[in-house]
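Working notes for the structure below.
We did not get these values from a lab; they are worked out from the coordinates using the rules stated. Just so it is clear, the model here is predicted, and its values are computed rather than measured. Every residue, glycine among them, receives a Cβ derived from its backbone with ideal geometry; neighbour counts consider all protein chains shown.
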Amino acid sequence: MPAGFTVTPFATDLKIPRQMLVLPNGDVLVAEGSGGKEAPKLRPKDVIAGVIKARGKSSVKGGDRITLLRDADNDGRPELRAVLVQNLNAPYGLAYVDGALYVAEQDALTRFPFQPGQTGISAPGQRVTDLPSHINHHWTKALTASADGRFLYVGIGSNSNVGERGMEVEQDRAVVWEVDRQTGAHRTIAEGIRNPTALAVEPATNLLWSVVNERDELGPQLVPDYLTQVRDGAFYGWPYSYWGQTTDPRAHPQKPDLVARAIRPDYALGSHVAALGLDFARGGGFGGAFSTGAFVGMHGSWNRQDPSGYKVVFVPFANGRPSGPPVDFATGFLKDGKARGRPVGVAFDPAKRVLLVADDVSNTVWRIAPGG
Amino acid sequence: MIRRLLAAPAASALVLALAACGGSSDPSLNQTGAQPDLPRQDQTLIPPMKVSPPVPGTANCRPCPPASPSPPSPPT
């Protein structure tokens, strides 16, 4: 391992850790679970894809819970570990605002009264709003809060690869919702954004960004997954086109009017890398080349011969925009064609200057910190 | 009956083998940044599928020092 950073297991024996949240007091929450098991397979190749994907997964059953980790002395060894909430329905996105913990389960956005420092929640959750869950081809519900805390943003993936289940099941799919935190009312702010798997607010501009997983079965180098600012009112093309206005012949009937207003995402991350994690360096990040920018967790490919992803990259930013090529930040998850881990969520803690990486194959949260 | 029993696994193996064919990428293509190269669409009956299986015993290993991902050199 190169000098300069140390990687250590921060927590092991988790049950499919996916997204994480660093609370204002430094405690770390880990959402554990796996959903979407009810989506029927339409075609023989869907069955095959299911078999192939299953080969890359942990055999551990999802925890359907949130685990709290406390490392107050920042020695990399949590002195407290507790199950904060359990019996959830495939929790994924997490947000904390003003005395409330918000959990995006696969079918609902739920609020729990919560103050940092608590190590358990016994009060029942309150449903802020239902989330689309019919079929749930893509089940994850990404979540973040606006900088002022007034709104919550929810990423909702498509109900198919490219519309093969019919567009009637794609209502409120491949979208980002803005949810009023107080009333639960929502409006769609972005459409045609196939599978927005993680959302985060860029700290210099307070603008919303997302990593998005694009469509499959057009070849090993189509279509690039991407990192983009989520623009209010934007249409990102799915299923009719990709990377702006490049049409996809599998989507029919075509919608030329929609394609005409499809915008290009900001930044390609590579095809089939399966970007699932996003967080921004804040407070100067790790300094130097890693002071401003986005950490992206890449779960890794399942549908090309030479694997892509299986790492964490850093995308440098300047003035709130990507400013250079991605830099490999954490690699080594693959060895001899086998996965020693698969990154999912990433969380940067500016106070402790550590990056946490959830890994749902080794069921570990890794801690990456300067030193060593 | 025996023939039928043998046919299903054989067909599955054939399909999996087909799924593992092709799908090589062109390293000269730039796939990142604001202007990625977008190659010709390549549709096949069975698209290439290959996932990297977990190292045996990876699940719940405690700890997994050999599995530690490698970070880059320190920032300058």
Exercise. So what J values fall out for the stretch A:166-173 if you push phi through Karplus, 6.51 cos²θ - 1.76 cosθ + 1.60 with θ = phi - 60°, rounded to Hz, Gly and Pro as x?
Worked result: x, 6, 5, 8, 9, 4, 6, 10
Seminar exercise, completed: Phi-derived 3J(HN,Hα) across the stretch A:158-164 with the Karplus relation (6.51, -1.76, 1.60, θ = phi - 60°), rounded Hz, x for Gly and Pro, is 5, 9, 6, 6, 8, x, 6
Exercise. Taking amide H positions as placed 1.01 Å from N in the peptide plane, with prolines and chain starts having none, which residues 5 or more places from A:Asp13, or on another chain, fall under 5 Å of its amide H?
Worked result: B:Asn60
Problem set entry | Between the stretch A:163-183 and the stretch A:51-81, the Cα center-to-center distance that results, in Å | 29
For this session: Calculate the spin-label point distance for A:Asn25 paired with A:Arg55, positioning each point 7 Å from the Cα along the beta-carbon direction, and give it in nanometres.
Result: 4.7
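Taking 0.36 nm per residue of separation and subtracting the Cα-Cα distance, what length does fully extending A:Asp328 through A:Asp13 add?
Difference between extended and current length: 110.7 nm.
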Seminar exercise, completed: Listing A:His138, A:His186 by rising number of other beta-carbon atoms within 10 angstrom, fewest first, gives A:His186, A:His138
For this session: Would you mind calculating the relative contact order of chain A from Cα pairs under 8 angstrom and at least 6 residues apart, reporting the percent as a whole number?
Result: 15
Problem set entry | Cα pair distances of chain A binned at 10 Å [whole percent] | 5, 26, 37, 25, 7, 0
Problem set entry | Under-5 Å amide H pairs with A:Thr292, H placed in peptide plane, nonlocal only | A:Phe317
For this session: For the pairs A:Lys57/A:Lys255; A:Lys37/A:Lys352; A:Lys53/A:Lys352; A:Lys37/A:Lys311, note any where the Cα-Cα span goes beyond 31 Å.
Result: A:Lys57/A:Lys255; A:Lys37/A:Lys352; A:Lys53/A:Lys352
Problem set entry | Residue-averaged [θ]222 nm for chain A, counting only DSSP H segments that reach four residues, each worth -39500 (n - 2.57) | -1500 deg cm²/dmol
Problem set entry | Karplus 3J(HN,Hα) series, Hz, for the stretch A:263-268 with 6.51 cos²θ - 1.76 cosθ + 1.60 (x for Gly, Pro) | 9, 7, x, 7, 7, 7
Seminar exercise, completed: Any aspartates and glutamates whose Cα falls less than 13 Å from that of A:Lys15, other than same-chain ones fewer than 8 residues away, would be A:Glu32, A:Asp64, A:Asp359, A:Asp360
Seminar exercise, completed: So the angle from the long Cα axis of helix A:44-55 to the longest Cα principal axis of chain A, reported in degrees to the nearest 10, equals 10
Problem set entry | Förster radius 30 Å - calculated FRET efficiency between A:Val169 and A:Lys37 (Cβ-Cβ, nearest 0.05) | 0.95
